1. Just give me the residues in segment 190-219 being within 24 Å of Leu47 (Cβ to Cβ) and more than 14 Å from the chain's Cα centre (by Cα), in sequence order.
2. Just to be sure I understand, how many residues within segment 284-295 are open to solvent by less than 50 Å² (accessible area, probe 1.4 Å) and in contact (Cβ under 8 Å) with a residue 60 or more places away in the chain?
3. Search segment 239-258 for residues that are under 15 Å from Val270 (Cα atoms) and among the basic types (Lys, Arg) and pair each with any residue that is open to solvent by 60 Å² or more (accessible area, probe 1.4 Å) and part of a strand (DSSP E or B) when their beta-carbon atoms are under 6 Å apart and the residues are at least 6 apart or on different chains.
4. For segment 239-268: of the residues being more than 12 Å from Gly222 (Cα to Cα) and basic (Lys, Arg), which is farthest from the chain's Cα centre (by Cα)?
5. Residues that are farther than 26 Å from Gly193 by Cα and free of Cβ contacts under 8 Å to residues at least 60 places away in the same chain: list the strands (runs of 3 or more DSSP E) wholly contained in segment 69-118 that include at least 3 such residues.
6. All but one of (1) open to solvent by less than 50 Å² (accessible area, probe 1.4 Å); (2) part of a loop (DSSP other than H, G, I, E, B); (3) touching a Phe, Trp or Tyr at 6+ places or on another chain (Cβ under 9 Å) hold for Leu167; state the number of the condition that does not hold.
7. Condition test on Lys288, is it over 18 Å from the mean Cα position of the chain (by Cα) and not in a strand (DSSP E or B)?
8. Going through segment 265-283 one residue at a time, which ones are touching an Asp or Glu at 6+ places or on another chain (Cβ under 7 Å) and either surrounded by 14 or more Cβ atoms within 10 Å (Cβ to Cβ) or outside any loop (DSSP other than H, G, I, E, B) (or both)?
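The values are calculated or read from the model by the stated rules, or taken from the named source; none is laboratory data. Being a predicted model, the structure only gives us computed values, none of them experimental. Here the Cβ positions follow ideal geometry from the backbone for every residue, glycine too, while neighbour counts run over all protein chains shown. Ligands, DNA and RNA are excluded from the accessible area calculation, which covers all protein heavy atoms including side chains. Shrake-Rupley method; radii C 1.70, N 1.55, O 1.52, S 1.80 Å.
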Amino acid sequence: MTKLLCFIIFLLSFIGFSQVENYTVKSHEINTEYPHFGLMLLSDSKLIFTTYLLDRKDRLKRLEGNPILAIFESDVDGFGGILNIKDIVIDSNEKINYITSATMSSNGKQLFITTTIDENNITEDNFLIKVGEFKSGKGWTNFKTLPFCNPKYSYAHPSLSADGKTLYFTSNIRGGKETTRGGSDIFKVDVLGDNTFSEPQNLGSKVNSYSREMFPFMATDGTLYFASNRPNGFGGYDIYKCKKNAHGAFEKAEKLPEPINSDKDDFSFVINSKNTAGYFSSKREKGKGSDDVYFFMRH
């Protein structure tokens, strides 16, 4: 009986150990001296990211002396490849020359971007989310500020659920039941159509902390991934995940293990629909630039 009990305990401990998530991580060849971040996986075959716009001689394009931060789209092959990179063309009449992150609706008809309230006054707390439509010959145009964006606050890092019915983002909204706990929290709104949305809802204390939460990404299995600089992390910003319980409520956030997280900033985590591979950005040592892209495989 004692031997049988010991065997059962050993078997259970082995099963528990085998369920620990392991990751293989490698730096991506697209990395340069310039930052690459704001990753958003639109499907298992398309990726959006943010970096500086370059001219034909690979020099920074500038507007009034400032480098232009733009968004790009590419194909991905499931094995870490980021292929056929091209910039996402914004109608020049829109005068949008500073975009920090973006996402696109699954039907390709709407582009949500984070940009500045005043194109001539770029500050870290001066952002809002706009949505535009694609017009042949113009690119993305007719941008409108999302109606719930209050100019008193900052709104950033839009991320759509797989079904397109929920938009997640970060904000520093203050006051009332949905007030921000820390420097920035993750919120959500229901997408109701015709540029109408529900009121922002704070995702609550299981997700948010008294620090900063940034770069949300909702995986197809309902797991929310995001970055936070809360205490007891590996260092800087770390990547966390929140699963949903049987009632659809988020469970307590868990930080991902090394080598996904490091003692530097790690953020912009995205994962494919099979939960087997994806990308993230990191400032970790031995990188090429300030924010580099890394490909990971989960096993």
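1. In the first step, residues of segment 190-219 are kept if they are within 24 Å of Leu47 (Cβ to Cβ); the result is 191, 213-219.
Hit for segment 190-219 is Val191, nothing else.
2. So in segment 284-295, the residues open to solvent by less than 50 Å² (accessible area, probe 1.4 Å) come out as 284, 287, 289, 291-295.
With the extra rule that they be in contact (Cβ under 8 Å) with a residue 60 or more places away in the chain, the set shrinks to 287, 289, 291-295.
The qualifying residues number 7.
3. Short answer, once both residue conditions are applied: Lys241/Glu254.
4. In this case the residue turns out to be Lys252.
5. On the way: elements: 69-76, 82-87, 99-104, 110-116.
Filter on segment 69-118 gives 69-76, 82-87.
6. (2)
7. Numbers: over 18 Å from the mean Cα position of the chain (by Cα): yes; not in a strand (DSSP E or B): yes.
The answer is yes for Lys288.
8. Asp266, Asn272, Phe280, Ser281, Ser282, Lys283
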